Amino acid sequence: MIKLFSLKQQKKDGEAGSTKNTKTSAAVLRITKDLNELNLPKTCATDFPDPDDLLNFKLVICPDEGYYKGGRFVFTFKVNPNYPHEPPKVKCETQVYHPNIDLEGNVCLNILREDWKPVLTINSIVYGLQYLFLEPNPEDPLNKEAAEVLQNNKRLFEHNVGKAMRGSYVGDTYFERCLK
């Protein structure tokens, strides 16, 4: 009985303190597991600017086929303390002419929004992002202009992607060179 009481008291003391630590610990445990099980394709690499901070890292995708072949695209991952119950925040640091990535770097990927489930992993997101470069989806766009061009004129879309990746203007927007 005394042990049960002391466990309840410890739990109560823990709740009185910061509950954030418990959530962060759970997030760190899960992200550690996800990263240990990460099976990156040869076109992807991770970068941890602070090796002690597993909750903030970068993913570099260098597609080897499709419209974006030869490009180098950097994404930042910010894993919040509620992970895996909430998806990480993912942004594209590389400005890209893409129907599913807007000019501010926001990414339109269903598993980062309404279709997120705690059973999904960082690996799922990596493959989802890679797939966006292989098969851009004009049906669910963030960049409506790029989506419209992709739907109506694939050759012009391919030309615009090439111009943007070489470092040039597409319309009124200047894109930095991102070819490797």
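Taking the Cα centre of the chain as origin and charging only Cβ (+1 Lys, Arg; -1 Asp, Glu), how large is the dipole, in debye to the nearest 20? Could the numbers behind the result be given before it?
Working: 24 positive and 24 negative charges, 117 e Å.
Its charge dipole is roughly 560 debye.
Only aspartates and glutamates eight or more places from residue 117 in sequence, or on another chain, were considered; those with a Cα closer than 17 Å are 34, 86. Full extension of the segment from residue 123 to residue 74, taken as 0.36 nm per residue of separation minus the current Cα-Cα distance, would add 16.0 nm.
Quick one: which of 33/58; 69/180; 58/89; 69/89 span more than 20 angstrom between C-alpha atoms? Violating the 20 Å limit, Cα to Cα: 69/89.
Could you compute the FRET efficiency for residue 158 and residue 48, with r as their C-beta to C-beta distance and R0 at 45 Å, rounded to 0.05? Approximately 0.85, to the nearest 0.05. From helices alone, the chain scores -12000 deg cm²/dmol at 222 nm; the rule is -39500 (n - 2.57) for each run of n ≥ 4 DSSP H residues, then divide by the residue total. Toward the positive end of the charge dipole of the chain, with +1 on the Cβ of Lys and Arg and -1 on the Cβ of Asp and Glu, the farthest Cα among 62, 81, 43 is that of 81.
For the chain, evaluate the Debye formula with one uniform point scatterer on each Cα (no solvent term) and list log10 I(q)/I(0) at q = 0.13, 0.14, 0.19 Å⁻¹, rounded to two decimals. For the chain, the Cα-only Debye profile gives -0.70, -0.78, -1.24. Which stretch or stretches of the stretch 47-63 have amide N atoms under 17 Å from the point lying 7 Å from residue 35's Cα along the Cα→Cβ direction? Counting backbone N atoms under 17 Å from the label point, the list is 47-60. Considering only 123, 152, 71, the residue lying farthest towards the positive end of the dipole of the chain is 123, judged by Cα position with unit charges set on Cβ.
Every read-out reported here was derived from the displayed coordinates using simple, explicitly stated rules and does not represent laboratory data. If you're wondering where the values come from, they're calculated on a predicted model, not measured in any experiment. For neighbour counting, all protein chains shown are included, and Cβ atoms are generated from backbone atoms with ideal geometry for every residue, glycine included.
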